[in-house]
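Input: a single structure, listed below in structure tokens.
The values are calculated or read from the model by the stated rules, or taken from the named source; none is laboratory data. What you see is a predicted model; the values in this text were computed from it and never measured. Glycine also receives a Cβ, built like all others from the backbone with ideal geometry; neighbour counts cover every protein chain displayed.
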Amino acid sequence: MDHLIKVQCIRHVYPDKTEVSLCGLDFVVNPGDRVVILGPNGAGKTTLLSHILGLLSPVEGHVEVMGMRPDKYFHIIRKHIGIVFQNVDEQIIGPRVYDDIAFSLRNERKTRQEVDERVHEVAELLELNDILDKIPHYLSGGQKKKVALAGAISMMPDILILDEPFDGLDPKSKAEMIALLNRLNKENGITLVITTHDINIVPQIADLIYVINNGQIVTKGSPREVFGQVDLLREANLEPPILMDLFDRLHKKGFQLEMPNNMEDAVEQLEKLMNAYS
């Protein structure tokens with residue numbers, strides 16, 4: 001299979017006759033990708049995710065997940081997709097953390113031993129062993145996100161979709177979530193599809209970025225390629241990451257600098273620039 005997900009120019013009509021479209025560039029996700037979707041509120045991010053998950057059916061266009069239409073074959077595809085919603089309080093339904101992680105496993109009629117082994121394996125991976133008997137309602141925001149993530153990966157899906165997973169997290173919890181997601185991608189081969197408003201962390205979590213504005217996918221590319229298009233980002237009501245904005249301003253003033261891939265790349269370029277002027 002060349003791609004896991006492909007979406008081409010979709011249009012959906014809601015029961016109240018409201019129409020929502022998403023066209024422009026094709027949205028394509030390949031196995032092992034780390035994909036981030038950026039766009040202002042109302043741009044079409046939710047429409048895109050809802051079609052990928054099979055929650056909406058397009059009246060026009062094409063949506064394909066693992067070679068199938070998700071709205072027609074959801075019962076097959078759902079076993080291969082994990083989802084973490086923005087509001088995890090609506091997602092966590094187990095009376096204990098253990099039960100929430102075990103929910104999908106029990107639905108798949110795994111044996112009690114299989115469920116127990118898998119729950120503890122996932123809890124170990126996400127460092128949740130100490131709170132398996134806790135009531136989720138009383139956990140911190142960061143812990144709730146981890147519990148929702150644990151439930152989403154309990155079946156070790158091929159694709160993990162996360163809607164604003166860093167929303168409301170403190171810096172420490174945010175760093176832990178980034179490290180966890182990158183580890184799942186690198187060590188378990190899980191493909192990541194993420195929406196986020198936290199643009200400054202995108203270079204740490206993305207190989208490929210799609211920018212959506214007014215129902216159009218207006219650009220795609222690596223963090224360096226996308227964040228180098230500062231004017232296009234601002235047209236989409238997005239501010240580039242502070243580091244990328246700094247390098248763009250320096251470049252426009254005549255300094256020979258390229259958009260950095262990460263902080264280490266930025267430091268190296270600035271050191272070379274300082275040495276050249278010293």
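Data overview
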| read-out | value |
| --- | --- |
| Every residue from segment 130-145 that is exposed (fewer than 13 other Cβ atoms within 10 Å of the Cβ) and touching a helix residue (DSSP H, G or I) at 6+ places or on another chain (Cβ under 7 Å) | D133 |
| Members of segment 58-93 that are buried (at least 16 other Cβ atoms within 10 Å of the Cβ) and small (G, A, S) | G82 |
| Filter result for V20 (in contact with a Phe, Trp or Tyr (Cβ under 8 Å, 6 or more places away or on another chain) and at pLDDT below 90) | yes |
| Residue in segment 153-175 that is in a loop (DSSP other than H, G, I, E, B), of a type in the set (S, T, Y) and surrounded by 21 or more Cβ atoms within 10 Å (Cβ to Cβ) present | yes |
| Test result for G32, under 14 Å from the mean Cα position of the chain (by Cα), on the phi > 0 side of the Ramachandran plot and surrounded by fewer than 18 Cβ atoms within 10 Å (Cβ to Cβ) | yes |
| Residue within segment 9-24 that is touching a residue at least 24 places away in the same chain (Cβ under 8 Å) and either within 15 Å of the chain's Cα centre (by Cα) or assigned to a loop (DSSP other than H, G, I, E, B) (or both) present | no |
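Residues are listed down the side, and each one gets a yes or a no for (1) closer than 13 Å to L149 by Cα; (2) touching a residue at least 24 places away in the same chain (Cβ under 8 Å):
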| site | (1), (2) |
| --- | --- |
| M68 | no, no |
| Y73 | no, no |
| I77 | no, no |
| N87 | yes, no |
| R96 | no, yes |
| D99 | no, no |
| L105 | no, yes |
| K110 | no, no |
| Q113 | no, no |
